[in-house]
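What follows draws every value from the coordinates through simple rules; no lab data is involved. For clarity, every value in this text was computed on a predicted model and none was experimentally measured. Neighbour counts run over all protein chains shown; Cβ positions are idealised from the backbone, glycine included.
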Amino acid sequence: MRKPDIFDEIIQCLKTGEKTGADTSMNEETLRVFFNPIPPKAAARPQAQAAAPAQDIQGVPPAYAPDMPEWESLRTECAACMKCGLGRTRTNMVFADGNPHAELMFIGEGPGADEDATGVPFVGRAGELLSRMIAAMTFDRKTETCIANIVKCRPPGNRNPADDEAAACMPYLKRQIAMVNPKVIVLLGAVPLLYLFNLKGIMRLRGHWLDYNGIPVMPTYHPAFLLRNPPAKKDAWADLQAVMAVFGRKPAPRR
Ligand code: URA
């Protein structure tokens, strides 16, 4: 049985706050501690389109976008990709999860065994934690976020993607980011920081806003790292609260 953590606590506060109508606004101290001096410029973004249905349709792949044909043709292109060695060893190409019209995008490293088996990103233990992080942020994973990875095929043995694998796959991710055009991107861990920004040092850079083609980007810890280092969840939660503030979402007060 998993021990409850800060995200369970926040989700519980959100639930009880909903029931009691408690004020969930952030106090001055929280604002001071959690925000960087330079707030991100929210990118100019066309009006968000209608959210995808909350329920998965049986047999339909995740992040299916009948109203975004370019998304579906990119999916088809990626499914046939053999640009690097990972194409030979994958079970499934893992394209994305959630809603390609979402304003909040998460970018991870690459599929693990569970993701390779299902074709859906972040469905294993780290994915379960990511889902709770998203719920604590008051977002719905399926309809209000879009989740993708640096590489779309599983690196054997859960190793990090190699440079040539990331280089082969990045053009696909860049096209996905351009199509989603999110208001904010959250980078999960060192791998997306390296391949999107050529930066090393997630410990130092987490919590600091970056800019990707006008889109504010918040690097934070990877959920798999948080599973191994539970005390770091507090820092990750601070990073996520800075993201929530861009959307005017308020965390539940912790009791
Ligand atoms: N870790 C990642 O970075 N991505 C996944 O999809 C699963 C685990």
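The figures follow:
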| item | result |
| --- | --- |
| Local net charge near residue 129, Cβ-Cβ under 10 Å (Lys/Arg +1, Asp/Glu -1) | +2 |
| Packing-based ranking, highest mean first, of 4-14, 187-197 given that Cβ atoms within 10 Å are counted | 187-197, 4-14 |
| Added length on full extension, which subtracts the Cα-Cα distance from 0.36 nm per residue, residue 128 to residue 213 | 27.6 nm |
| Spin-label pair residue 159/residue 67, simplified geometry with 7 Å Cα→Cβ offset, distance in nm | 4.4 |
| Qualifying aspartates and glutamates (Cα of each under 17 Å from Cα of residue 152; at least 8 residues distant if same chain) | 72, 77, 97, 109, 114, 115, 116, 163, 164, 165 |
| Pair residue 82, residue 199: separation of 7 Å Cα→Cβ label points (nm) | 3.8 |
| Inter-probe distance in nm under a simple model that places probes 7 Å from Cα toward Cβ, at residue 175 and residue 117 | 3.0 |
| Cross-link reach list, aspartates and glutamates versus residue 183, counting only Cα pairs under 12 Å and skipping chain neighbours closer than eight places | 103, 144, 211 |
